[in-house]
1. Got at least one residue in segment 195-205 being within 16 Å of ligand 1 (Cβ to nearest atom), of a type in the set (Lys, Arg) and closer than 30 Å to Asn248 by Cβ?
2. Please work out which residue is surrounded by the fewest Cβ atoms within 10 Å (Cβ to Cβ), limiting yourself to segment 171-196 and to residues that are within 13 Å of ligand 2 (Cβ to nearest atom) and more than 10 Å from the chain's Cα centre (by Cα).
3. With Leu250, Leu238 as the choices, which residue is under 24 Å from Leu110 (Cα atoms), touching a helix residue (DSSP H, G or I) at 6+ places or on another chain (Cβ under 7 Å) and more than 14 Å from ligand 2 (Cβ to nearest atom)?
4. Between Ser142, Ser149, which is within 16 Å of ligand 2 (Cβ to nearest atom), in a loop (DSSP other than H, G, I, E, B) and of a type in the set (S, T, N, Q)?
5. Is segment 138-157 home to any residue that is hydroxyl-bearing (Ser, Thr, Tyr) and either out of contact with any helix residue (DSSP H, G or I) (no Cβ under 6 Å at 6 or more places or on another chain) or on the phi > 0 side of the Ramachandran plot (or both)?
6. Check segment 129-136 and report whether any residue there is in contact with a Gly (Cβ under 7 Å, 6 or more places away or on another chain) and in a helix (DSSP H, G or I).
7. Yes or no: segment 168-185 includes at least one residue that is within 14 Å of ligand 1 (Cβ to nearest atom) and under 18 Å from Leu60 (Cβ atoms).
8. What residue, among those in segment 228-264 that are among the aromatic types (Phe, Trp, Tyr) and out of contact with any Lys or Arg (no Cβ under 9 Å at 6 or more places or on another chain), is surrounded by the most Cβ atoms within 10 Å (Cβ to Cβ)?
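Each reported figure results from applying straightforward, stated rules to the coordinates on display, with no laboratory input. Since the structure is predicted, the reported quantities are computational estimates derived from the model, not experimental observations. Glycine also receives a Cβ, built like all others from the backbone with ideal geometry; neighbour counts cover every protein chain displayed.
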Amino acid sequence: MFAELLSVFEVAGQTLLKLIPISIALGVVFALLTHWSACNPGRPWWRKREIATDVLYWFLIPLGARFVRIGLMVVGAAWLYGIHGAEGLIKFYDNGFGPLAEMPLWAQALAFLVVSDFLTYWIHRLYHGVRLWRYHAVHHSSEDLDWISAARFHPVNILFGTIMVDVALLLAGISPNVMLWVGTFTTATSAFVHANLNWTLGPFRYVIAGPVFHRWHHTAADRGGSKNFAGTFPLWDLMFGTFYMPDNALPDAYGIEDKSFPEGFGGQMVYPFTR
Ligand SMILES: [Zn+2]
Ligand SMILES: [Zn+2]
């Protein structure tokens, strides 16, 4: 039991050790970029409203997600393939399996990105529906939208959004070795699309999600908030008619209608269950 507890701390420590230098780098880079090309000039990110809440999410969400992902991978392997025990699991997840794992690692990473982005596009649309909105409202509650707001998600949203999709793809045979690259890429892009930058990305706006593209998603529903659901590839929005980037205009007001929405982490955790 003690050894297990120790390894939990070890995994938590590893996650934080990886996250801290990345966070410092992102904080410095986006402070400089926002200084030169803010979408909404005003306070720097570290003086934004609810900064403590966002910092808590920034570190707790990846930590929690990692443990839940590992747990689901263990349960999934047992349930679908009858694999039990540490040795069997290590072998099973070592390099992926089946036809998908035959592809070169870069192709597996690309396949992972494209398929997971397509699935999360639709899951994101479901979260904007009447029943699930209460969970997703947490993500939309940032009024000072900046890169550090990127991890503000209710755990239910993360579980039935990204984690389930990640685990499904790993259980389909994609090598977990892609996660190092894919994980770093998605952390960087999600921080990037939430950053306070006026970057439309010009013609590349149709290829990859950028700050202006996603900041429109955070505006009120009648102004663009029910558009731009893609996490990485705006292709899905173009295909399914939800792409929205008006010329000569920048998004400027964010948040949700509920003005009594809790500002703290704890209040936001229980919010969906009080509706
Ligand atoms: Zn949304
Ligand atoms: Zn967002």
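1. no
2. In this case the residue turns out to be Phe192.
3. Step by step, each of Leu250, Leu238 is checked, and only Leu238 is under 24 Å from Leu110 (Cα atoms), touching a helix residue (DSSP H, G or I) at 6+ places or on another chain (Cβ under 7 Å) and more than 14 Å from ligand 2 (Cβ to nearest atom).
4. Sole residue among the options that is within 16 Å of ligand 2 (Cβ to nearest atom), in a loop (DSSP other than H, G, I, E, B) and of a type in the set (S, T, N, Q): Ser142.
5. yes
6. No, the conditions are met nowhere in segment 129-136.
7. no
8. Restricting attention to segment 228-264, the residues satisfying the condition of being among the aromatic types (Phe, Trp, Tyr) are 229, 233, 236, 240, 243-244, 254, 261.
Next, from what is left, pick out any that are out of contact with any Lys or Arg (no Cβ under 9 Å at 6 or more places or on another chain): 233, 236, 261.
Working: Phe233: 18, Trp236: 23, Phe261: 16.
Looking at residues that are among the aromatic types (Phe, Trp, Tyr) and out of contact with any Lys or Arg (no Cβ under 9 Å at 6 or more places or on another chain), I get Trp236.
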